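S.K.: Quick one: structure below, then a few questions.
The values are calculated or read from the model by the stated rules, or taken from the named source; none is laboratory data. Note that the structure is a prediction, hence the values are computed from the model and not measured. In this analysis, Cβ positions are derived from the backbone assuming ideal geometry, glycine residues included, and neighbour counts consider all displayed protein chains.
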Amino acid sequence: MIFQTPDNEYHHQEIREYLSDLAIVADQLEFNQRLHVDVVQQILTNQFASRKSHRGFLSGGITFCNLLPMRNIPFPVVCLLGMNDRDFPRMKNRTEFDLMAKTPRIGDRSPRHEDRYLFLEALLSARKHLIITYTGQSIKDSAVLPPSPAVSELLEAIADGYRINNESDNPILSQIVFRHPLHPFSPKYFIPGSSLCSFSKDHFETAVASIQPRIPVKPFIHHPIPMDSRTDQPIHLTDLTRFFSNPAAFFLSARLNISLNGATPDVDIREPLILNRLEEYHIGQKRLELMLDGGDVQPFDMAIHKLGKLPPGSAGQCQYSRIQSRVDMMFQQAGPVAAKTGDRPVDLVLKDVRLIGKIDHIHGPCRIVCHFGSLKARQKLSLWIHHLAMRCMYDPQMPQHSILVGKMNDKPQRIALSAGIENPGDILSDLVHLFQTGLTMPLRFFPESSLAYAEKWSRETDETRRDQAALHQAQTKWAGSHDLTGESAHPATRLLFRDTDPLEDHDASEETAFRALSLRVWLPFLHVMEQ
């Protein structure tokens, strides 16, 4: 028990007041049961943790205040926090109409000189200890950041005027300047005898774990998962295109029923001032598809303005005008577009495997697909798979050519696939075989990185450096950049391949190696592509 003294009298008074309030609440709720002492202790702890002191300035404990005149009175310990280079002394922002700043006179206020005087007052107010903190290291690149000029001058005065035990060298600054690690769980905080210390149990456990020998991460899949009887069912053309757009995610979803989709973003309650890329894509894609189908776009344009999907006023009109111009350019890039003739069914038997589905976006002798966005590898793969299926049907009413229209650097891009393909059935059968393999184990095929490898490999004329140059190009897509997320950051890829580098092919068989798969899938496509 802690007896009441003049120093802790106000604490006892606060406890009595809160117990009285607690009794009033219990009486109002007609609560007459007994409470365990642990429950009462937890209630009081939560209450006092969120309750502020009413004693105000100079409360007898720790006092926090701004660095103001007449606030610096003698204290045993004085702490100056945030003494950074750009924060102290204050920089006076001059305005064009400030005549006093243009022609200063004696007696005018100078915030910079006042701050330096306040710093001197704080030094004189410290009776036993003076603690100064500042950000001395960049959190981006660990570059050294200087302290405030006032702190630098203080350190120079200490280094010039004081020494330790008459030593020839001057290590005094190393005794008074403490450089903290960037992370609070650094083992330096918990070394016995260290000048740094921490009282966090969680950080201590993290520091202990960080110095332990690393345990090799076990692979997510040790052996291929055998196919079950349900795999005898026909393969749908849609599943085949979905698989090659992201084999890792398709494997988790189809065989392990694992979905790693992120949380749905919250609905923005503010009125939009500009369309984001997704909203712009949906509007442009709908208008483009309407034009391809031969529909009238004027009612669509009127509906977009009336539905409130655009920012208000002239800003929304300007943005929609830009969308209209891009849609018109892409429509012209598609070439002469015949009327839409509907969908054609697909039913193929490829080496005892049945492939079913449908061919859509048929416009006379061509299959034309327009994508109001940058053409990614998944759009090209979808075009390629559907084109192979059309060439395998040997149907005179089936289109002979495929055209894909999209954007590249805000300019229309057009990709055309010719009808002259040797052995389209063998190529499609090989893709189906990879699909079946990818259902038993993670496939080392990543659309963007694999396409970058195949494109560089096919263009490189020097065979001695062909593989390394192509692999370097693929690693650029794999790692990404500051403004573009690489394929290595996809949740499914990170889960399946863990800390390994699937592009290096150290433990992969010849059939499932990244290099072999990239050329196996993309080279036939690049040979028939006409840009």
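S.K.: Could you check segment 303-332 and list, in sequence order, the residues that are without any contact (Cβ under 8 Å) to a residue 40 or more places away in the chain, under 15 Å from His282 (Cα atoms) and hydrophobic (A, V, I, L, M, F, W, C)?
M.R.: Selection gives Ala303, Ile304, Leu307, Leu310.
S.K.: Do we find a residue being within 26 Å of the chain's Cα centre (by Cα) and either within 25 Å of Thr500 (Cα to Cα) or in a helix (DSSP H, G or I) (or both) anywhere in segment 229-241?
M.R.: Taking every residue of segment 229-241 in turn, none turns out to be within 26 Å of the chain's Cα centre (by Cα) and either within 25 Å of Thr500 (Cα to Cα) or in a helix (DSSP H, G or I) (or both).
S.K.: Out of the residues in segment 454-479 that are of a type in the set (S, T, N, Q) and more than 28 Å from the chain's Cα centre (by Cα), which is surrounded by the fewest Cβ atoms within 10 Å (Cβ to Cβ)?
M.R.: Per the criteria, the residue is Thr461.
Each row is one residue, and each column tells you yes or no for (1) under 25 Å from His183 (Cβ atoms); (2) surrounded by 15 or more Cβ atoms within 10 Å (Cβ to Cβ); (3) at pLDDT below 90.
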| position | (1), (2), (3) |
| --- | --- |
| His129 | no, no, no |
| Tyr134 | yes, yes, no |
| Ser138 | yes, no, yes |
| Asp141 | yes, no, yes |
| Pro147 | yes, yes, no |
| Ser152 | no, no, no |
| Ala159 | no, no, yes |
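S.K.: Something else: Among the residues of segment 100-115, is any modelled with pLDDT under 80, in a helix (DSSP H, G or I) and more than 24 Å from Leu67 (Cα to Cα)?
M.R.: There is at least one residue in segment 100-115 that is modelled with pLDDT under 80, in a helix (DSSP H, G or I) and more than 24 Å from Leu67 (Cα to Cα).
S.K.: Give the residues of segment 67-86 that are loosely packed, with under 13 Cβ neighbours inside 10 Å and closer than 23 Å to Pro147 by Cα, sorted by residue number.
M.R.: Once the filter is applied, which keeps residues that are loosely packed, with under 13 Cβ neighbours inside 10 Å and closer than 23 Å to Pro147 by Cα, segment 67-86 yields Leu68, Pro69, Val77, Leu81, Gly82, Arg86.
S.K.: Sticking with this one: In the list Tyr10, Tyr18, which residue meets the criterion of being in a helix (DSSP H, G or I), modelled with pLDDT of 80 or more, among the aromatic types (Phe, Trp, Tyr) and surrounded by 10 or more Cβ atoms within 10 Å (Cβ to Cβ)?
M.R.: Among Tyr10, Tyr18, only Tyr18 is in a helix (DSSP H, G or I), modelled with pLDDT of 80 or more, among the aromatic types (Phe, Trp, Tyr) and surrounded by 10 or more Cβ atoms within 10 Å (Cβ to Cβ).
S.K.: As an exercise: evaluate Leu130 against (1) in a strand (DSSP E or B); (2) out of contact with any helix residue (DSSP H, G or I) (no Cβ under 7 Å at 6 or more places or on another chain) and give the number of the one condition it does not meet.
M.R.: (2)
S.K.: Could you tell me whether segment 139-157 includes any residue that is more than 20 Å from Arg86 (Cβ to Cβ) and part of a loop (DSSP other than H, G, I, E, B)?
M.R.: no
S.K.: Here is a further query. Is at least one residue of segment 506-528 touching a helix residue (DSSP H, G or I) at 6+ places or on another chain (Cβ under 8 Å), among the polar types (S, T, N, Q), more than 23 Å from Ile225 (Cβ to Cβ) and surrounded by fewer than 16 Cβ atoms within 10 Å (Cβ to Cβ)?
M.R.: The answer is no; no qualifying residue exists.
S.K.: Consider Val327 carefully, then state whether it is under 36 Å from the mean Cα position of the chain (by Cα), among the aliphatic types (A, V, I, L, M), surrounded by 14 or more Cβ atoms within 10 Å (Cβ to Cβ) and outside any helix (DSSP H, G or I).
M.R.: No, not satisfied.
S.K.: Which residue is modelled with the lowest pLDDT, if the candidates are limited to segment 333-360 and must be over 14 Å from Arg391 (Cα atoms) and surrounded by fewer than 12 Cβ atoms within 10 Å (Cβ to Cβ)?
M.R.: Only one residue tops the list, namely Ala339.
S.K.: Another question about this same structure. Which members of segment 402-446 meet the condition of being on the phi > 0 side of the Ramachandran plot and either in a strand (DSSP E or B) or without any contact (Cβ under 8 Å) to a residue 12 or more places away in the chain (or both)?
M.R.: Of everything in segment 402-446, those that are on the phi > 0 side of the Ramachandran plot and either in a strand (DSSP E or B) or without any contact (Cβ under 8 Å) to a residue 12 or more places away in the chain (or both) turn out to be Asn409, Asn423.
S.K.: Follow-up question, since we're still on this one. Restricting attention to segment 286-301, which residues are in a helix (DSSP H, G or I) and not hydrophobic (A, V, I, L, M, F, W, C)?
M.R.: Lys286, Arg287, Glu289, Gln298, Pro299, Asp301
S.K.: Within the bounds of segment 261-280, is there any residue that is modelled with pLDDT of 75 or more, over 30 Å from Ile323 (Cβ atoms) and assigned to a loop (DSSP other than H, G, I, E, B)?
M.R.: no
S.K.: Looking at Arg255, Arg179, Arg163 in this structure, which one is farther than 30 Å from Leu496 by Cβ, in contact (Cβ under 8 Å) with a residue 24 or more places away in the chain and either among the charged types (D, E, K, R) or assigned to a loop (DSSP other than H, G, I, E, B) (or both)?
M.R.: None of the other options fit; the residue is Arg179.
S.K.: Is it the case that segment 188-196 has a residue that's at pLDDT 90 or above and either exposed (fewer than 10 other Cβ atoms within 10 Å of the Cβ) or touching a Leu at 6+ places or on another chain (Cβ under 6 Å) (or both)?
M.R.: Yes, segment 188-196 has at least one match.
S.K.: Let me ask something else. Checking Asp169 against (1) modelled with pLDDT of 90 or more; (2) over 32 Å from the mean Cα position of the chain (by Cα); (3) over 21 Å from Val78 (Cβ atoms), which test does it fail?
M.R.: Here Asp169 meets the rest and fails (1).
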